[in-house]
Every structure is written in structure tokens, then in C-alpha cells.
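Presented below is the structure to which this report refers.
The values are calculated or read from the model by the stated rules, or taken from the named source; none is laboratory data. What you are looking at is a predicted structure, and each value in this text was computed from that prediction instead of being measured. Virtual Cβ from ideal backbone geometry, glycine too; neighbours counted across all protein chains shown.
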Amino acid sequence: MAEPLFEVTDLHLSLPDLNAKPLFGPAPRIEILRGISLAIARGEVLGIVGGSGSGKSTLGRAMLRLLEPTAGRIRFEGADITHLPEAALRPLRARMQLIFQDPMSSLNPRRRVAGLIGGPLRLQGFDRVEDRVARALDHVGLPRAFAARYPHELSGGQRQRIGIARAIALEPDFILADEIVSGLDVSSQAQVLNLLAGLVRDLGLTLAFISHDLAVIRRLCARVIVLQAGRIVEEAPTDRLFAAPQAAYTRELLDAIPLPDPDQPWG
């Protein structure tokens, strides 16, 4: 087996509990991740699923070194980045991109789309920025004229496409998508998921897709990791997980998927 693009080994992470901070002294710490181990192959689409408080978003941010692990190891292309200082991480930032859940909060409302996509390109030293912005808009199915728009002039689905365009414009090796369709209506969700599936196919992306919704995971991911209380309770190919879930928690998540209304007209 080829060396994984991302590899996490026995990862632990704890954070201060600010709600329980005493008047004097440090706040007690809460263990969020408890011995996580996983590997992601180049070109793979991995689903990371769990309910609120399961640790899935914390895991994603730790993988990208936006949070400092307490223990364990993170390797990217075989190199240990677990405690790499920010100066050494900076050259890797363009290669590991994050698409946020709420695009309105992650897009500067004072900047036009051209600046939102082009700014990181300039920061990373890319040339022909305007051409790269135009191609990124093409990839996500938005007219090039949208480069002159502001975020408030876009729909929720369009803003999420801008977030995706900003990530892929940097030609990353790895993208983490964190609950990126949870705030969209069903139609926009389907469009964004179809877009991501096409980009994975056409650009050869390696993607970790975080969601609380197994129905969403099923549409996009080849393999699924199920988190509960900071631990992996199940890991399986998507088809096998849906056909024969092993963990009780996975069965609970599957039971939470709403069934279609038989009286609802379709078509």
C-alpha cells in the first residue's frame, strides 16, 4: 500500500473548559480527542461523521494544525507536522485547505469575490491571479462576472461555491470540508455535493468531509469513520457501513436519517 497522504496516530487533544474556570488559576481541561488513529490515501474521499460534541470538527482542525495536539502524531506526506512551528507550517498551508460551514462568516463582506479568491493566491506567490480566479469560478459553475460581486449579493449556495473556489484555486493536495452543506436547503445541498463529486473526479482531490448526517456522507464518501465522544467507534467502506453497521452508535445515526414520505408526490 502506498504511503498515505495524511496519517494520524493515537491523537489526543484537550482544551480549557472556560465555563469552569476558577477565579484564580488555570481552567480545567476537557479531553476532546481520545486516541484517534486514521489514514487517508491520496485521491480518497473520507467521511467523518458524529453527533454534536463527538470531536469531528476538532479532529479536522487538529489535522490541519489549527489546534495543537496534546499527544500523538500527525504526518503529511510522510513528514511529521505534529508540533511544527508556524513558520515551518506556512509553506504547507496552501496545500491543506479548509472549507468552512458558514461561508458568510468566513468571507470578508467588504471584499469582492475577485479579492476573496485572489487574495490567498497573491499571498502564496501564485502568478496570473486573475486567470486563476476565472478558472476557479468556472470549476464551481459560477459566471466569471461574479468576480465583481460582494458576498451579500450571493445566495447561500453561491457563497459556499465561492468558499470551494477559494480552496481549489490554491491547487491543494488536501481539502477538509466541515459541515459545508448543513446550512443549505435540500436542493442547494444536492448541487454542492454533486459539484464536490465532480471536482474530486476531475481534479483528483483528496477530501475529508465532516458531517453529522450519514445521508450526506453516503452520497460522497467511499469510506466512513464514526466518532463518538472523541473516539472512533466504527470505520468501514460506506456501502458496508450502511448495510451492516457494527456499532450501536452508528445504528442510532442511521435510524436518525429521515425516510421519504410515501404520500409526497415526486417528479
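Just a few scattered comments:
- Listed conditions (1) of a type outside the set (A, V, I, L, M); (2) within 12 Å of Ile32 (Cα to Cα); (3) buried (at least 17 other Cβ atoms within 10 Å of the Cβ); (4) in contact (Cβ under 8 Å) with a residue 60 or more places away in the chain are all met by Gly53, apart from (3).
- Hits in segment 154-174 (condition: buried (at least 19 other Cβ atoms within 10 Å of the Cβ), more than 14 Å from the chain's Cα centre (by Cα) and in a loop (DSSP other than H, G, I, E, B)): Leu154, Leu170
- Residue within segment 64-85 that is of a type in the set (Ser, Thr, Tyr) and out of contact with any strand residue (DSSP E or B) (no Cβ under 8 Å at 6 or more places or on another chain) present: no
- Segment 1-23 residues that are more than 19 Å from Leu38 (Cβ to Cβ), paired with ones that are surrounded by 11 or more Cβ atoms within 10 Å (Cβ to Cβ) and small (Gly, Ala, Ser) (beta carbon under 7 Å, 6 or more apart): Pro16/Ala27; Asp17/Ala27; Leu18/Ala27; Ala20/Ala27; Lys21/Ala27
- Residues (in contact with a Phe, Trp or Tyr (Cβ under 9 Å, 6 or more places away or on another chain), buried (at least 16 other Cβ atoms within 10 Å of the Cβ) and not aliphatic (A, V, I, L, M)) located in segment 96-117: Gln97, Ser106, Arg112
- For Arg65: the one exception among (1) in contact with a helix residue (DSSP H, G or I) (Cβ under 8 Å, 6 or more places away or on another chain); (2) of a type in the set (D, E, K, R); (3) under 30 Å from Asp239 (Cα atoms): (3)
- Test for Ser57: is it of a type outside the set (Lys, Arg), under 14 Å from the mean Cα position of the chain (by Cα) and at pLDDT below 95: yes
- Among the conditions (1) touching a strand residue (DSSP E or B) at 6+ places or on another chain (Cβ under 9 Å); (2) part of a loop (DSSP other than H, G, I, E, B); (3) of a type in the set (Gly, Ala, Ser), Ala177 misses just one, which is (2).
- Listed here are the strands (runs of 3 or more DSSP E) enclosed by segment 180-267 that have at least 3 residues being over 18 Å from the mean Cα position of the chain (by Cα), at pLDDT 90 or above and on the phi < 0 side of the Ramachandran plot: 231-237.
- Subset of segment 133-153 [of a type in the set (Lys, Arg) and either closer than 14 Å to Arg111 by Cα or buried (at least 19 other Cβ atoms within 10 Å of the Cβ) (or both)]: Arg149
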